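To start, the structure under review is shown below, and the notes come after it.
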Amino acid sequence: MKKKLAPVSAAALAAAIALAGCAATSSAPDSSPAPESSMPGMDHHGSGESTDTPAADHNSADTMFAQMMIPHHEQAVTMSDLMLAKEGLDPQIEELATKIKAAQGPEIEKMDEWLEAWDEPREMPGHSMEMDGMLSDEDLAALESAQGTDAAKLFLSQMIEHHDGAVKMAEEEAASGSNPTAVKLAEDIIASQNAEIAEMQNLLQGLA
């Protein structure tokens, strides 16, 4: 059985970024930043504005943010899919799971585009860091097997923890990142997922 590792604290993540070196790197001769704009699917509040792939100028904090947030988002999508596959799902939980999946799926695609544009790997080479809020295999299995109100309670409690971990990583990017588009996404995640945490806490209280 895979054991759930202790989550990385914000301080530990900051230390990892410092060790990686925060000096900005560029893979393009022209270092002039591209105009900043909002990303499709990035704004959880549905602005609908579009953007191009961000300029290649970035630092190690931007790279680590994308490399860590992609698998973090992928697990949130998996959790949402597990709930949406259940019969007799509470309409409020169904709406929430659908909203999370619809928001984070496009963000994964956008961060993949960033890493490709930055000529950075999708995974952190030489790193085996566990991220705040990530569920273990056992946690996911419990969510998959749970039914009814028990499933709703488990999903909400797990997703609250998961969102909290994403907010911590986004706060680190907002403080240390240099790419304006990546920093903007981090700020959007902080705002939107904190709002969803409050929503889920209210739903959880209603199920008690």
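Points to keep in mind about this one:
- Here the range 174-208 is the region considered, the condition is being among the charged types (D, E, K, R) and out of contact with any Asp or Glu (no Cβ under 7 Å at 6 or more places or on another chain), and the residue that is farthest from MET111 (Cα to Cα) is GLU199.
- The range 160-184, residues that are closer than 17 Å to ALA76 by Cα and of a type outside the set (Gly, Ala, Ser): ILE160, GLU161, HIS162, HIS163, ASP164, VAL167, LYS168, MET169
Yes/no matrix, rows are residues, columns are (1) aliphatic (A, V, I, L, M); (2) in contact (Cβ under 8 Å) with a residue 24 or more places away in the chain:
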| position | (1), (2) |
| --- | --- |
| LEU156 | yes, yes |
| ILE160 | yes, yes |
| MET169 | yes, yes |
| GLY177 | no, yes |
| GLN205 | no, no |
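- In the range 77-92, the residues that are at negative phi and in a helix (DSSP H, G or I) form Cβ pairs under 9 Å with partners that are surrounded by fewer than 14 Cβ atoms within 10 Å (Cβ to Cβ) and not polar (S, T, N, Q), at six or more places apart or across chains, as follows: GLN92/GLY206.
- When SER192, SER176, SER145 are screened for being within 24 Å of GLU87 (Cβ to Cβ) and either among the polar types (S, T, N, Q) or crowded, with 20+ Cβ neighbours inside 10 Å (or both), only SER145 passes.
- Filter pass, THR53 being among the polar types (S, T, N, Q), within 14 Å of the chain's Cα centre (by Cα) and either at pLDDT 70 or above or surrounded by fewer than 19 Cβ atoms within 10 Å (Cβ to Cβ) (or both): no
The values are calculated or read from the model by the stated rules, or taken from the named source; none is laboratory data. Computed from a predicted structure; not experimentally measured. Don't worry about glycine lacking a Cβ; one is built from the backbone with ideal geometry, like all the others, and counts go over all protein chains shown.
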